[in-house]
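The values are calculated or read from the model by the stated rules, or taken from the named source; none is laboratory data. Worth saying up front: this structure is predicted, and the values here are computed from it rather than measured. When we count neighbours, we look across all protein chains shown, and the Cβ atoms used for this are built from the backbone with ideal geometry, even at glycine. SASA here: full protein model, heavy atoms, side chains in, ligands and nucleic acids out. Shrake-Rupley method; radii C 1.70, N 1.55, O 1.52, S 1.80 Å.
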Amino acid sequence: MGRSDGDHGSDLSADDSPWSEGSWSDDDDEGSLSFEDSGEGSDAESDEPDAPAVEESDSSEDEVAPRNTIGDVPLEWYKNEEHIGYDITGSKIKKRDREGRIEAYLRNADDAKNWRKIYDEYNDEEVQITKEEAKIISRLLKGKTPHTNVDPYPDYVDWFEYDGKGHPLSSAPEPKRRFVPSKWEQKKVVKLVRAIRKGWIKFDKPKEKPNFYLLWGDETDTADNKRQGLSFIPAPKPNLPGHEESYNPSVEYIPTQEEIDSYQLMYEEDRPKFIPRKFDCLRSVPAYEKALREGFDRCLDLYLCPRTRKKRINIDPESLKPKLPSKKDLRPYPRTCYLEFKGHNGPVKSLSVEATGQWIASGSSDGTIRVWEVETGRCIKVWNVGGVVHRIAWNPSPDRHILAAVVDHDLLLLNAEVGDEDAQMKTKGLLQIEELAQKEDNGDKKPAVKWVKHEKFDGIMLIHHKVYDLQKAQLVKKLESGVREISSISIHPCGDNVIVGSKDGKLCWFDTDLSTRPYKTLKNHSKDITNVTFHRKYPLFASSSEDCTAYVFHGMVYSDLNQNPLIVPLEILRGHSSSDGRGVLDCKFHPRQPWLFTAGADSVVRLYCD
């Protein structure tokens, strides 16, 4: 500590008179403090006057808890910080400026009690040890107990009393055989020595290590050093004989003659190997005619059948499953059937929801097109077009309430007659057509497309078409689905992802920025998929199938190109019944709400809500 022995002695004699029983010496070379007692602790304590006994208190208020400003964290976290912990108000407690070696040396020279001070790192302060603490440290350095009133070697107290405890268990003298070598052991040793000398007993010689080694390689990497011969794998044991193999089986195990004759009509693989028979005694049992053959087959199985030892890896199967978010966090999504639209007499083959989500149109194979009000389920308009309606679609513009329907081989545009009067007048104006001239300036060629006014309904019909003249387009990308036949397709609102449904029950998700092959292939349906669709606003997509079910999925597409889309199956919607082997024929999402409409072969349209 930078102080001499004389300074310590003068300091203790002047200020600390009760410490006369011990002397402290400071080793200048090692820089450590050593304590030396002048005598035994118990004797030294007896010379001092009796100190008044201090009453002990059981109150918890007298206990002072250690001050902790950093909590239960390592102190290394505050090593490079300017503060150490926080006070009761949450303000930072700044660290004290650490003094240098020169300042510490000068302070040790000026302060006589500086050697009794230690630095508390947790509270960032200096603490001065007391006289009692110094005595405890002194005794611990000498290997003694911390307190003087503790006897480390107390006298043994025998708690049990019994008669004759001063005598041994038995007073009988020791037998002679305990002191004389055994005669029989000597004869046995003589026999062993004679056998070793004549070579009857041979010991295993130590194995000689090979004197060759790999010059340019490591012996630990070779396969010969890793494998010390083939590992023994026991052959599987044959099945033990049962009641059928008994010489006197029960009656129920013995087949009748009709059953034995029926065995001849079976294939050899399905024919039983052994037919039970009954004998009076074991001596009457003849030799087994297939014993030699079965023994030979057993030898072939042991010789030709390869057996390998498979190493099993202890992996929890639950850890291999992907961690998917909870369904509660992915709500809202359609779960329960809220409304049914009934009125068709045949399978509903197509659905279409109006752009505002107020009306829905359905087309059926009974030759009718119906417009329904979504909130009430009321049928507003019915058209009997007289043919099978294959597809139906609303005009995407909310101001033009026009329905397009594919009836048999024709395309029909109808005025839905919904909305206010201004919208209906605009719709009628769009469906007005003028009579074409009999002759055109270009010649007498017939037009490729001809629109005519429908006779019964307020609409126009395409009755003749040959060629669709599309603008010239270039093939950008070809997607390889790997499915048998594609039945439906839907494009994500962002345009970079596509889902495809097939007639073998597979749904393929394509990420066009990632690859031309499917990013995910889902095999959920057991029959053909009739339609797939994306929601315009919510991260949802659905698929309908001939197995009378509709699956709802969560499909989140992230703007970060480094993050793949998240696909989570949410719900299986059931309720439609099968008709002629067909189930759900179409499904469409509501444009603004997380609702799903499904059309079934049971002539019912269902609305599923959250």
Review point. Which of the peptides 575-586, 328-339 is most tightly packed, and how do the rest follow, going by the mean number of other Cβ atoms within 10 Å of each residue?
Key: 575-586, 328-339
Review point. What number comes out for the charge environment of residue 184, summing +1 per Lys or Arg and -1 per Asp or Glu over other residues with Cβ under 14 Å away?
Key: +4
Point to revise | Over 25 Å (Cα to Cα) - which of 527/588; 349/428; 342/520; 95/117; 349/527 fall in this group | key: 349/428; 342/520
Review point. Where the only charges are on Cβ atoms (+1 Lys, Arg; -1 Asp, Glu), what is the dipole of the stretch 86-142 about its Cα centre, to the nearest 20 debye?
Key: 280
Point to revise | Extension gain, residue 593 back to residue 125 (0.36 nm per residue minus Cα-Cα distance, nm) | key: 161.9 nm
Point to revise | Backbone HN-Hα couplings from phi across the stretch 510-524 [Karplus 6.51/-1.76/1.60, Hz, Gly and Pro as x] | key: 10, 9, 5, 6, 8, 6, 8, 9, x, 6, 9, 10, 9, 10, 9
Review point. Taking 0.36 nm per residue of separation and subtracting the Cα-Cα distance, what length does fully extending residue 97 through residue 296 add?
Key: 62.3 nm
Practice item. At 4 °C and 1.567 mPa s, grab the translational diffusion coefficient of the stretch 237-351 from Stokes-Einstein with a Kirkwood Rh over Cα pairs, rounded to a whole number in µm² per second. Key: 57
Check your understanding: Would you list 374, 385 from the most to the least accessible area, probe 1.4 Å?
Key -> 385, 374
Point to revise | For the stretch 79-170: rounded, prolate or oblate by the Cα gyration tensor [a/c cutoff 1.5] | key: prolate
Review point. When all alpha-carbon pairs of the stretch 240-283 are counted, what percent fall beyond 12 Å?
Key: 64
Exercise for review: Count charges around residue 562 for me, please; just the other residues with Cβ under 13 Å from its Cβ, Lys/Arg as +1, Asp/Glu as -1.
Suggested key: -3
Practice item. Report the accessible area of residue 140, computed with a 1.4 Å probe over the heavy atoms of all protein chains in place, in Å² rounded to the nearest 10. Key: 100
Review point. What is the calculated FRET efficiency for residue 273 to residue 202, with r their C-beta to C-beta distance and R₀ = 56 Å, to the nearest 0.05?
Key: 0.65
Check your understanding: Suppose R0 equals 35 Å; then what is the FRET efficiency for residue 142 and residue 108 from their Cβ-Cβ distance, rounded to the nearest 0.05?
Key -> 0.85
Review point. If you rank 485, 208, 421 by how much accessible surface each has, with a 1.4 Å probe, what is the order from largest down?
Key: 208, 421, 485
Study note, to complete from the structure: Within the under-11-Å Cβ sphere about residue 518, not counting residue 518, Lys/Arg +1 and Asp/Glu -1 give a net charge of +1
Revision key, fill the gap. Here the FRET efficiency for residue 572 versus residue 320, based on Cβ atoms and R0 = 22 Å and rounded to 0.05, is 0.40
Check your understanding: Along the charge dipole of the stretch 86-142, Cβ charges K/R +1 and D/E -1, which of 112, 127, 138 sits furthest on the positive end?
Key -> 138
